[in-house]
Every structure is written in C-alpha cells, then in structure tokens.
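Asker: First, the structure itself, so that you have it in front of you.
The values are calculated or read from the model by the stated rules, or taken from the named source; none is laboratory data. On a predicted model such as this, the values are computed, not experimentally measured, just so you know. When we count neighbours, we look across all protein chains shown, and the Cβ atoms used for this are built from the backbone with ideal geometry, even at glycine.
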Amino acid sequence: MSIRERLSGNEATAIAMKQINPDVVAAFPITPSTEIPQYFSTFVSNGEVDTEFVAVESEHSAMSATIGAEAAGARAMTATSANGLSLMWEMIYIASSLRLPIVMALVNRAVSGPLNIHNDHSDAMGVRDTGWIMLFSENNQEAYDNMLMAHKIAENKKVLLPLMVCQDGFITSHSIENIQLESDEEVKKFVGSYKPEHYLLNDKEPIAVGPLDLQAYLFEHKAQQAEAMRNAKQVIKEVAEEFEKWTGRKYEFFEKYMLDDAEIAIVCMNSTAGTAKAVINDLRAKGVKAGLLKIRMFRPFPVEEVAEALSNLKAVAILDKADSLNGAGGALFEDVTSSMYVNKKQVPMVNYVYGIGGRDTTEAQIESVYSDLQKIVETGDIGNPYRYLGLRKERN
C-alpha cells in the first residue's frame, strides 16, 4: 500500500536514499541540491539509517570518497549540482571507467560563468558522454521512483555503471507536490542488498583498482563500457516492468503524450514536459493534433524507439535547456536527429534552445512553438533550424 505524502523533490530524493540505506554517502553542499545531504544527515543523526556519512571538503572529494567506498565493496551515493558536478569532472570519468555502480542525485542548475544558481541542463549535458546512465525526472514522483530503480539498474552484472537521477533545480527540487511513497520494508525488498563480485576488501581475491592502462588494453576497456551502456537499455526496461508490478506506476524509455495520432510534436526533458502537456490539452480542444515525447532515459539514448515514435509526424521541435555552443543545435537535438537519420526516417525538425539560467518558459511560448510547427507543415519551409525560445530580441 502506497503512502500519500506532500514533499519537495529534494526531500523525496532524500527519503528514497533513507529507504535504500546505503553503506556510504559522501557529499558537499551546493545549491540547489544542498537539502538532499542535509535531510539525509538528519536521518543519520537520528539513527534512522546506519550509513557512514562523510562530510567532505569539496565535490571532487565527494566523488572520490564514493569511488573509494564502492571499490571497497560498499553501496555508495552522493548528490550535487552544476559547478559541483564540474569540480567532480575528473572523478566522474574514473567512476564509470572503473565500472563502479555509484548512484548520484543531480539537481540540474546552470554552470558558471557568469554565476547563476537557477535551472538549466548545462551541468548534465557537460557529462553526457562520460559513461554514466542518465535518467531524467519530470516531477517529484519520478525523481523518487527513478532513485528507487537506480541501484537495481546500475548494479546489474550486465551493466556495472554509475547512474545519475536528474531533476530540475528549484522547479521540482524545492516545489512541494503530492507524492506516493512506498514502505521502507518494500523498498528494501525491491532494491535488494549489494553483493559485488570483485572488491578491494575481499581478502580471498587481492586486486588492484585504477592501475595504469596503456595502449594494449584501454581501447578494449572503453569498448566494454560502451557494451555495458547498450546492455543497460534492456536492464532499465526490465527493472521498470518489475517496478510497475510492485507499485502500479509505469515507466518506459520515454513518455508519449497524445502522440499516437499527433501531426506535430515537441521533444523535451524534465519539468518542461508538464507545461507542454497543459498546452497540448488546450490545443487539442481547438482541434490541433499536438503531441509530446518526453525523454526519460537520456543515456543510453533510445535511438530506434525515438525514431519510430516520431516517424509519422509532419513536423517536430526539439527543446534543449542547454546550448552546445557548436553552431549546430543542442545535445538533445543532435541525438534525436541522428536517431532519425540512421533509421532512415525523414521528418522536418527544428531546435529551440530555451530556459537558460532559469528563465521562465511559459505556456504562451510553448504554444508559439506549436504555431511554428504548423507553419512548417503548411509551407514546407523549415527556415533556420537553430532557434531560441524566450530570448529577448529573439533571433529565429
């Protein structure tokens, strides 16, 4: 029986961590993720978990400590945002290359500079190719649920990769919503205990972790990481199916909202999907066949499934809450268009960079995107595919 509660996204994440009861949590405070270790440290002080909480001197140290703990055979977790993730950057690569299934809550925030503490996806996009599994969360419920599924995915023997659960800073991390929690006992049963096969504290199998890896082996080890990421796709599907049987809440690689009969659609991630859904409801009442594809699993990217889901549309807009600064669109746009190309699907597509530094994205702006898509369908002219949404003195 689920427990009805009202929680912020940060508190929901911290409660999920409490229910998982990891062996080690190492963290350093940074807005807007600070509340997660703050709440969790309270659980430690109150004796509600038997976790070893390590209050480190920096985010680099936080990831270093979780790497050490996980390599020793412990289940380890952390949380961060933006510049904190940037400071971890060296260790982010090391965690994945050592195949350590660390779980991290990433509360998305703009990366400096100039300094900005509000939401966009520049932090996540900066580490999108570091070998971490990445799940995105539209709301507090999804942040909680993704965290409950995270260890079963990351620790699977076919995967053994670190995983980050992303949610939008302040928009969901600090907003209180109704949420369904599961009981502590049921969570522990679902997540299970961590039983690593190879670890430093196993006196029956002396091993080295992180040795020099030169030309003779590194290439093959990177190929093994890539294979593990491909394996994660099926594992994520299987864990979600098990989660649905337990809770009744269904998760797939992405959510299709009124997409089956849609003619035009938006692709986006995280909390913007909620705004898009409200706009779609209004447009549908006016007879406009608008839809949405909300990406949940960003790494590994569901290439074939995305191409199939979008193949029957007449025009598509991909919304990126970070700019790749490459002159050729954002990261999500690149992944979606690549998916379409390699699967031989032809649909007119445009990219909108939006919401940088926490700038509000309104229903009117989302509706303007659908209006643009209607014009593309009517005229057959895409125009400039690289656009901005909500930029003063807008350049399209």
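Matching residues to (1) over 23 Å from residue 375 (Cα atoms); (2) in a helix (DSSP H, G or I):
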| position | (1), (2) |
| --- | --- |
| 319 | no, no |
| 325 | yes, no |
| 334 | no, yes |
| 344 | yes, no |
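Asker: Could you look through the stretch 318-332, keep only residues that are within 13 Å of residue 266 (Cβ to Cβ) and touching an Asp or Glu at 6+ places or on another chain (Cβ under 7 Å), and pick out the one that is surrounded by the fewest Cβ atoms within 10 Å (Cβ to Cβ)?
Answerer: Within the stretch 318-332, the match that is surrounded by the fewest Cβ atoms within 10 Å (Cβ to Cβ) is 332.
Asker: So for the stretch 190-213 (the condition being of a type in the set (A, V, I, L, M) and in contact with a Lys or Arg (Cβ under 9 Å, 6 or more places away or on another chain)), does at least one residue qualify?
Answerer: Yes, the conditions are met somewhere in the stretch 190-213.
Asker: Which condition number does residue 383 fail, the rest of (1) assigned to a loop (DSSP other than H, G, I, E, B); (2) touching a residue at least 60 places away in the same chain (Cβ under 8 Å) being met?
Answerer: (2)
Asker: Same structure again: Answer yes if at least one residue in the stretch 171-181 is within 27 Å of residue 130 (Cα to Cα), surrounded by 12 or more Cβ atoms within 10 Å (Cβ to Cβ), of a type in the set (S, T, N, Q) and in the same structural domain as residue 73 (by TED's automatic domain parsing), and no otherwise.
Answerer: Scanning the stretch 171-181, I find at least one residue that is within 27 Å of residue 130 (Cα to Cα), surrounded by 12 or more Cβ atoms within 10 Å (Cβ to Cβ), of a type in the set (S, T, N, Q) and in the same structural domain as residue 73 (by TED's automatic domain parsing), so the answer is yes.
Asker: Which of the residues spanning the stretch 215-257 are assigned to a helix (DSSP H, G or I) and at positive phi?
Answerer: none
Asker: Sticking with this one: Residue 371: surrounded by fewer than 17 Cβ atoms within 10 Å (Cβ to Cβ), hydroxyl-bearing (Ser, Thr, Tyr) and assigned to a helix (DSSP H, G or I), yes or no?
Answerer: yes
Asker: Let me ask something else about it. Any residue in the stretch 195-206 that is in contact with a strand residue (DSSP E or B) (Cβ under 9 Å, 6 or more places away or on another chain), part of a loop (DSSP other than H, G, I, E, B) and surrounded by 16 or more Cβ atoms within 10 Å (Cβ to Cβ)?
Answerer: No - not one qualifying residue is present in the stretch 195-206.
Asker: Here's another thing I want to ask about it. Consider residue 123 carefully, then state whether it is assigned to a helix (DSSP H, G or I) and either without any contact (Cβ under 8 Å) to a residue 40 or more places away in the chain or in the same structural domain as residue 199 (by TED's automatic domain parsing) (or both).
Answerer: In short, yes.
Asker: Considering (1) touching a residue at least 60 places away in the same chain (Cβ under 8 Å); (2) assigned by TED's automatic domain parsing to the domain that holds residue 108; (3) in a helix (DSSP H, G or I), say which one residue 278 fails and leave the rest.
Answerer: (2)
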